[in-house]
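I have placed the structure first, in the form of structure tokens, so that the comments after it can refer back to it.
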Amino acid sequence: MSSETKQILTTDGIPLEISLKKAERKNKIKAFLLVAPLLLFLIITYIFPIGEMFTRSIDDKMITNMLPKTFKSMETWDGKELPPEEVFASFLSDFKILVDKKEHGKLAQRLNKEKNGFTTITKKLFRQVKRNKIDETQSIKEQIMKVHKRWRNVEYWQAIKRTAPPYTSAKYLKAMDMYLNEDNKITQVSEDRRIHRILWLRTVEVAFFVTVFCFLMGYPIAHLLATLPMKYSNLLMICVLLPFWTSLLVRTASWMILLQQQGVVNDFFVMIGLVADDNRPEMMYNKVGTYVAMTQILLPFMVLPLYSVMKTISPSLMRAGKSLGGTPFVAFWKVYFPLTIPGIGAGCLLVFILAIGYYITPALVGGASGTLISNQIAYHMKSTLDWSFASAMGLMLLSGVLVIYWIYNKLVGVDNIKLG
Amino acid sequence: MSKNIEFVKFDKVDKSYDGKVLVVKDLNLDISEGEFITMLGPSGSGKTTCLMMLAGFETPTNGEIYLDSNPISNIPPHKRGIGMVFQNYALFPHMTVYENLAFPLKVRKIQKDEIDKKVDKALSMVSLSGFESRMPAQLSGGQQQRVAVARALVFDPAVVLMDEPLGALDKNLRESMQYEIKHIHENIGVTVVYVTHDQGEALTMSNRIAVFNDGKVQQLSSPDKLYEEPVNSFVAEFIGENNTFGGEVIDISKGVCKVKLNNGEILANPISVNAKGDKTTVSIRPERALINPKDKMDNNQKGKIEEVIYHGDHTRLRINLLGNKEFILKVPNSSNELDLKLGNEINVGWNSQDARALDPK
């Protein structure tokens, strides 16, 4: 409020704003109570798991808690030469505690992830400790170094030091086929081991083209729906929605029946002589299958927002365009099309976001060249049990979607979205 | 240059949407150049269909429409060069006022500075100069309406069609817009075909009015003739107020006939009755019947006042006259000497010339 505006009072002399707030408070509380259950539900099922996912993806506290003394004594070590006696001593004392708790295996596993070769030398050290072969009155450094030659290699001690921080970005780097090398520099993995980047690119590519196909097919349908008389448009609407009401698995399975090499579509192609019987094209277990099935499944998400926007465009606008001298194409392109942009934006955003995280369909009809990043996430959730890696990829996907949303907002404006 | 009196010509036009019912039946209508013609009629009478056929959005089922002697049935709407003002204005909501007006000029590939000039001229014609950069949503209903008119005129079309353009405006605005459109028409002399169901609008604005009913033109004439001399009882009923008596002709001579009602006899002007025994509806305008007439009138009847309604400048009386309980009289409020009380008996008189014996209802 500018200083010039005089404070307005009610007839009773209370400032108007305060009075207004008081009068509205009850309604506000009522409104809040109405949404409170949903809010609570969202916090428990959405906000909280995402937070949990995030901490899991960067969490590296386990080893920090296992080797507290070692990391403390390592603080003064410059990391160039072998560490001093003190570090060896505290490492041994940490290690003994772990042996008592039978947790030395976990340590070996974690360190081996950092650098290959730790499993062997930890086992060797464990045997020495178990047999009480290490004499604490003499130089512990010398004794540990004798256990295995790798304990004399400074690189292994550097690896231990790298695990000191309680948080790590390693999972995120791994998801982009990168890692932190010995000098703490971000490095690319060798070319033959890069799998994730291909998956990311493929995911974006598939989502993009599925959106394009959905748009190309959905726009005319939506236009027809919006302009047909009620009795026909209702029937057509049911045709559009029918797949929507069918189980996703059933639809995907039916695509498998249609698209496989001995399937209906191939049979038809052979029948009309388009392809030879012994040269049936593969339309499944590759990208083609993913495209076809996903486009069909996501089509209603394009048609519905487009339809709801087109329904509000008065037919007299097109007529006006024509009566003013525009050819039907000009009238469409200059008048009708710009008015459907809010629907196009909503539909494309919806389809793209759904497509980028699609899982079941690519898993079933995608084969090796048609799987997407979500399949990789599921693989790590279920098979390798590397949940923190799966969380990292999931979060990257989520932030990607948010970035797309942000760009869209900058370009078109979210206010212009019309979902229905 | 002499004006083409058949500038727009509907020649035996039929129109049916479903192949069962004719919406427009055998329409013959000539519109001369520079004329303001109104198609007036109740909804569903076929007037809008006629307009849409002229604009090219509907095709005649039979017959032909000529524009400046050229048949236009096979010309698509965008090549007809007919301006149109739509019922809901149909301004392009994503374009500014300037872009809306420039649209018909741009699609005609007119030079930019020429466009600017024409848009300026059209906007000043509807007194909206300075509104170029507004969006339609930022304008009031009346302003949007004026932009729509300017847009329909900006490319100098030979004919402008207006489809109930004032329907969405409130009463005062509607009246002032009526005059404004009338003046624009007078100034630039464009041919206007105007569709409305509001008879007041039609009477104020038009050179000629075509009254539509049931897919047919019932009467085509100037506003005053339409009001004073309706040719059938539909027109008499539809235009203005009207008192009617149903009866049978019992005597007919030149210029006057005697009509027998259920309880009385009146003299009337035979319009569509020819012989004794014809059934007829006699129509009298409320202002043509006077109370206690000073001049001699050939119809004089006694009636009982059933209702008195005060209307500011005049008072309306509902009278029970010759068995018609809905006989309306309009009494100017300056004549104070009358005793207009409920239940009073009064003398009502009218000339037989003003009582038109039309076709029976």
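The values are calculated or read from the model by the stated rules, or taken from the named source; none is laboratory data. Just so it is clear, the model here is predicted, and its values are computed rather than measured. Here Cβ is always computed from backbone atoms with ideal geometry, including for glycine, and neighbour counts include all displayed protein chains.
Couple of notes before you dig in:
- Selected residue (only one of B:Gly240, B:Gly255 is at pLDDT below 85 and surrounded by 16 or more Cβ atoms within 10 Å (Cβ to Cβ)): B:Gly240
- Members of the stretch A:292-315 that are surrounded by fewer than 24 Cβ atoms within 10 Å (Cβ to Cβ) and small (Gly, Ala, Ser): A:Ser308, A:Ser314
- Top-ranked residue of the stretch A:140-186 - restricted to ones that are among the polar types (S, T, N, Q) and closer than 20 Å to A:Arg110 by Cα, ranked as surrounded by the most Cβ atoms within 10 Å (Cβ to Cβ): A:Thr163
- Test result for B:Tyr227, surrounded by fewer than 21 Cβ atoms within 10 Å (Cβ to Cβ), modelled with pLDDT of 85 or more and in the same structural domain as B:Ser43 (by TED's automatic domain parsing): yes
- Residues of the stretch A:336-366 satisfying the condition of being buried (at least 22 other Cβ atoms within 10 Å of the Cβ) and not in a helix (DSSP H, G or I): A:Tyr358, A:Gly366
- Selection status of B:Lys118, more than 9 Å from every other protein chain (Cβ to nearest Cβ) and either farther than 23 Å from B:Ala168 by Cα or out of contact with any Lys or Arg (no Cβ under 7 Å at 6 or more places or on another chain) (or both): yes
- Of the helices (runs of 4 or more DSSP H) lying entirely inside the stretch A:1-116, the ones with 3 or more residues being of a type outside the set (S, T, N, Q), within 25 Å of A:Asn184 (Cβ to Cβ) and in contact (Cβ under 8 Å) with a residue 12 or more places away in the chain are found at A:48-58, A:61-66, A:68-74, A:85-100, A:104-114.
- Within the set B:Gly130, B:Gly142, the sole residue that is farther than 17 Å from B:Ile82 by Cα, assigned to a helix (DSSP H, G or I) and either at pLDDT 90 or above or away from chain A (no Cβ under 12 Å) (or both) turns out to be B:Gly142.
- The residues listed here are B:Gly343, B:Gly303, B:Gly277; of these, the one that is more than 26 Å from B:Leu226 (Cα to Cα), buried (at least 18 other Cβ atoms within 10 Å of the Cβ) and not hydroxyl-bearing (Ser, Thr, Tyr) is B:Gly303.
- Among (1) surrounded by fewer than 14 Cβ atoms within 10 Å (Cβ to Cβ); (2) at pLDDT 85 or above, the one test that A:Asp278 misses: (2)
- Hits in the stretch B:73-101 (condition: surrounded by fewer than 23 Cβ atoms within 10 Å (Cβ to Cβ) and more than 10 Å from chain A (Cβ to nearest Cβ)): B:Ser73, B:Asn74, B:Ile75, B:Thr96, B:Tyr98
- Against the test of being in a helix (DSSP H, G or I) and more than 7 Å from every other protein chain (Cβ to nearest Cβ), the options A:Met283, A:Met310 yield a single qualifying residue, A:Met310.
A quick yes/no check of all residues on (1) within 14 Å of chain B (Cβ to nearest Cβ); (2) out of contact with any Ser or Thr (no Cβ under 6 Å at 6 or more places or on another chain); (3) aromatic (Phe, Trp, Tyr); (4) without any contact (Cβ under 8 Å) to a residue 24 or more places away in the chain:
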site: A:Trp333; (1), (2), (3), (4): yes, yes, yes, yes
site: A:Phe337; (1), (2), (3), (4): yes, yes, yes, yes
site: A:Thr361; (1), (2), (3), (4): no, no, no, no
site: A:Gly366; (1), (2), (3), (4): no, no, no, no
site: A:Trp387; (1), (2), (3), (4): no, yes, yes, no
site: A:Met396; (1), (2), (3), (4): no, yes, no, no
site: A:Ser399; (1), (2), (3), (4): no, yes, no, yes
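- Only one of B:Met95, B:Met53 that is within 30 Å of B:Asp30 (Cβ to Cβ) and at pLDDT 90 or above: B:Met53
- Here B:Ala137, B:Ala150, B:Ala158, B:Ala168 are screened, and the one residue that is among the small types (Gly, Ala, Ser), in the same structural domain as B:Ile65 (by TED's automatic domain parsing) and surrounded by 19 or more Cβ atoms within 10 Å (Cβ to Cβ) is B:Ala150.
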